[in-house]
1. Looking at segment 30-71, which trypsin sites (Lys or Arg not before Pro) are in a loop (DSSP not H, G, I, E or B) and have at most 16 other Cβ atoms within 10 Å?
2. Show which aspartates and glutamates lie in cross-link reach of Lys242 when reach means a straight Cα distance below 12 angstrom and same-chain residues fewer than eight apart are skipped.
3. Using a probe of 1.4 angstrom, how much of the accessible area of the chain is carbon and sulfur, in percent?
4. Can you tell which of Glu234, Glu38, Glu160 shows the greatest fluctuation in a Gaussian network model of the chain with Cα springs below 10 Å?
5. With all distinct Cα pairs included, what does the Kirkwood hydrodynamic radius of segment 67-146 come out to in Å, to one decimal, could you say?
6. For the chain, set up a GNM with springs between Cα atoms under 10 Å and report which of Asp12, Asp125, Asp179 has the largest fluctuation.
7. Filter the trypsin sites (Lys or Arg not before Pro) in segment 166-250 down to the DSSP loop ones having no more than 15 other Cβ atoms within 10 Å, then list what survives.
8. With Cβ to Cβ distances under 10 Å as the rule, what net charge do the other residues near Thr85 carry (K, R +1; D, E -1)?
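The values are calculated or read from the model by the stated rules, or taken from the named source; none is laboratory data. Quantities reported herein were computed from a predicted structural model and do not represent experimental measurements. No Cβ is skipped: glycine too gets one built from the backbone with ideal geometry, and neighbour counts run over all protein chains shown. Side chains are part of the model used for accessible areas, which takes the heavy atoms of the whole protein and leaves out ligands, DNA and RNA. Shrake-Rupley method; radii C 1.70, N 1.55, O 1.52, S 1.80 Å.
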Amino acid sequence: MKVLVAVKRVVDSGIKVRVKPDGIDLQGVKMTINPFCEIAVEEAVRLKEKKLIAEIVAVTIGPKQGAESLRHALALGADKAIHVTTEARIDQAVQPLDVANILAKLVERDNYNLVLMGKQSIDDDFNQTGQMLAGLLDWPQATFASNIQITDGIAQVIREIDGGLQTVKFKLPGVITCDLRLNQPRFASVPNIMKAKSKPLETIPLDKLGKLHNSIQITKTEAPAIRKGGAIVENVDVLIQKLRNEAKLF
Ligand code: AMP
């Protein structure tokens, strides 16, 4: 069984970003693999360790620095990587339907049995690509996975839904998007980081597989309003008074 794992390079979640009207200022900003994509890679590696899959291929779509995220996936245990290159901004111009279209082309070319993805990219927060990919391939999907079991070609997935957990199962091939509680990704060891440098990495220019449609235009980006400082109140009565008279909550 072959698994394709889609990994996106995003601004590190610990960074306080500078917001400009035309988008986040990426100049000199620390970038990392999207955390949900790292969870997807870890899950693929665990499935391979259980001998449920034979090969893990990591893929990213983005500028040349995206190769860093692929090397990270290779250091965690992916066998091969595919870099679909474009100089377009991946947090703006490379949109979910574009990514889904390109991933669908790779699935058709290489015959994967499963696609593992993050549930969401933390830069654009779309939470759409996995669902669109499943639609394009006409494959079953399980989103927000917090547990994945594969037996005899059947995937059983526990999904995190509002107020509970839902268990679904389907016959592979399929698409699964990974949620936070699925696993805790391992650290890449130094020998594995070194080994990753010699694993195969195929580069394909984006226009060989598809094109960017720019179907959504970003008209404005703004930072959230600055929160006013808090205050310590003497007792519950003063708190209730303030909530009533100042915050006008009731
Ligand atoms: P989104 O729909 O943008 O929230 O992204 C959901 C998931 O789609 C991500 O966690 C990745 O697994 C995948 N994805 C989105 N954009 C890219 C990209 N440029 N390259 C590779 N995978 C991507």
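1. Working: sites: Lys30, Arg46, Lys48, Lys50, Lys51, Lys64, Arg71; in loops: Lys30, Lys50, Lys51.
Those satisfying the criteria are Lys30, Lys50, Lys51.
2. In chain and number order, the partners are Glu234.
3. Values: 7450 of 14000 Å².
Ligands and nucleic acids excluded, carbon and sulfur give 53 percent.
4. Sorting by GNM fluctuation, first place goes to Glu234.
5. Values: mean 1/r = 0.0727 Å⁻¹.
Mean inverse Cα-Cα distance, inverted, gives 13.8 Å.
6. Of Asp12, Asp125, Asp179, the Gaussian network model singles out Asp125 as fluctuating most.
7. Values: sites: Lys169, Lys171, Arg181, Arg186, Lys195, Lys197, Lys208, Lys211, Lys220, Arg227, Lys228, Lys242, Arg244, Lys248; in loops: Arg186, Lys197, Lys211, Lys220, Arg227, Lys228, Lys248.
Taking segment 166-250 and a limit of 15 other Cβ atoms within 10 Å, the loop trypsin sites (Lys or Arg not before Pro) found are Arg186, Lys197, Lys211, Lys220, Arg227, Lys228, Lys248.
8. 0
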